[in-house]
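**Q** Dropping a structure here in structure tokens format, bear with me for questions.
Any read-out appearing in this document is the output of simple, stated calculations on the displayed coordinates, not a laboratory observation. Because the structure is predicted, anything quoted here is derived from the model rather than measured. Counting neighbours? That spans all protein chains shown, and the Cβs are built from the backbone with ideal geometry, glycine included.
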Amino acid sequence: MNDSSWGAPPQAGYWAPTDRGPVHGHAPPGPPYDATGAHHPMQTQPMPIVPDVPAHGGDQDDDRGAGRQAGPLFRDETPQAHPHGEAPQKPEPMPDAPRTAPQKKSAGRDLSAAIGVGVGLGVVIVASLFIVKAVFVGVIAVAVVVGLWELTSRLQERRGIRAPLVPLAVGGAAMVVAGYVRGPEGAWVATALTALAVLVWRMTEPPENYLKDVTAGVFAAFYVPFLATFVALMLTADDGPLRVLTFLVLTVVSDTGAYAVGWRFGKHKLAPRISPGKTREGLLGAVAFAMVAGALLMQFVIDGGAWWQGLLLGLAVAASATLGDLGESMIKRDLGIKDMGTLLPGHGGIMDRLDSLLPTAPVVWMLLVLFVGSG
């Protein structure tokens with residue numbers, strides 16, 4: 001119902017008083033007329049003028065309006081002849097609504113571009129990983145710097161938060177290198193120095209919004225480079241390239257299983273307020289795919305690993321990858337954006353590819369150390 005059905009102001013000529021006197025052929029209705037039939041305007045009460053045929057397309061539903069035009073208003077009524085001898089015109093039938101073909105599910109992105117970019121990134125990563133470890137460390141550092149640039153740029157554009165990029169970029173790259181060269185202790189020291197650099201660098205600008213800017217800067221330092229440092233820590237083991245490959249394959253398989261099963265069978269939303277596209281069925285697909293892949297990788301790729309360890313590893317990867325994806329979706333919803341960037345066609349930005357990898361890196365590093373040692 002719109003406002004016209006619930007106490008809207010009367011329109012002129014419909015509920016307005018009239019001074020025309022009694023209707024011809026009918027007795028005066030009562031007090032407004034005296035014994036001689038004289039009309040007293042001050043005593044006239046508003047009377048509705050009911051049209052002979054209700055207009056089509058009013059506030060009533062279409063099916064009810066059409067039914068009343070086609071026959072009497074009530075079951076015991078009979079059609080009456082028009083007072084002027086003219087038959088009421090029948091309303092023209094309403095055309096049927098056009099039928100639309102059911103829409104097919106769409107991936108929402110350019111799949112050909114996404115596959116091409118994904119394959120290209122995979123070749124670069126695998127080649128650098130198994131040829132020279134130091135080159136792969138450089139790849140991690142570059143990804144960290146670009147991810148920090150995307151994150152700080154979106155924070156400034158959408159919220160006016162000016163997290164200092166220079167100390168974040170320099171400190172982020174140093175954190176990755178320190179983790180590879182000096183281990184966990186080096187990573188922690190570099191992280192602390194990076195946070196301190198953010199606090200000092202921001203002091204060179206006016207004090208307004210200082211706390212907001214440095215808080216965002218410290219968050220960015222832990223969210224991107226600190227978590228990425230665990231990939232460098234995995235690489236320091238004797239079988240480091242195989243550990244990193246296991247980490248990458250499990251994360252990709254988890255995302256692929258979630259997408260494939262969710263796209264085909266997904267009906268129940270997982271977190272509709274955060275990421276409406278994710279479903280519970282997709283989460284089950286991620287768990288199943290990752291557990292199978294984990295069992296195979298731990299049994300045949302990781303020295304000293306067992307298939308049951310791979311089941312636990314796959315389960316943990318599916319959980320951490322999903323939480324990481326939801327975490328970045330939460331950030332993007334808060335900022336009101338779809339993607340963090342446009343650097344990778346079909347994928348968005350670097351941060352849109354790192355969302356599930358970053359929180360998964362410490363999980364895989366820790367479980368591999370527990371299962372087979374630090375190497």
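**Q** How would Glu281, Glu208 line up from fewest to most surrounding beta-carbon atoms within 10 angstrom?
**A** Glu208, Glu281
**Q** In this model, which of Lys133/Lys278; Lys133/Lys338; Lys212/Lys269; Lys278/Lys332; Lys278/Lys338 are farther than 25 Å apart at the alpha-carbon?
**A** Correct reply: Lys133/Lys278; Lys133/Lys338; Lys212/Lys269.
**Q** Also, I was wondering about something else. When each pair of different Cα atoms in the stretch 128-236 is counted once in the 1/r mean, what is the Kirkwood radius in angstroms, to one decimal?
**A** 13.9
**Q** Give, as a single signed number, the net charge of other residues whose beta carbon lies under 14 Å from the beta carbon of Val139, with Lys and Arg counted +1 and Asp and Glu -1.
**A** +2
**Q** Just from the alpha-carbon atoms, what are the Rg and Dmax of the stretch 239-375 in angstroms?
**A** Cα radius of gyration and Dmax of the stretch 239-375 are 15.3, 47 Å respectively.
**Q** What length, rounded to one decimal in nm, is gained on full extension from Leu296 through to Arg273, with 0.36 nm per residue of separation minus their alpha-carbon distance?
**A** 4.7 nm
**Q** How much FRET efficiency would the formula 1/(1 + (r/R0)^6) give for Leu121 and Phe265, where r is the Cβ-Cβ distance and R0 is 41 Å, rounded to 0.05?
**A** Using R0 = 41 Å, I get an efficiency of 0.90.
**Q** May I ask you to order 268-275, 140-147 by the average number of other C-beta atoms within 10 Å around their residues, highest value first?
**A** Top of the packing list down: 140-147, 268-275.
**Q** Here's a follow-up. By the scheme Lys and Arg +1, Asp and Glu -1, what is the net charge of all other residues having a beta-carbon under 11 Å from that of Tyr210?
**A** It works out to a net charge of 0.
**Q** List every residue whose amide H lies under 5 Å from the amide H of Thr279, counting only residues 5 or more places away in sequence or on a different chain, with H placed 1.01 Å from N in the peptide plane.
**A** Leu270
**Q** Over the stretch 239-375, what is the relative contact order in percent, taking alpha-carbon pairs closer than 8 angstrom and at least six residues apart?
**A** For the stretch 239-375, the relative contact order is 22 percent.
**Q** Right, next: Which distance in Å, rounded to a whole number, links the C-alpha centroids of the stretch 152-195 and the stretch 232-294?
**A** 27
**Q** Which cross-chain or sequence-distant (5 or more) residues have an amide H under 5 Å from the amide H of Met340, H modelled 1.01 Å from N in plane?
**A** Gly349, Asp352
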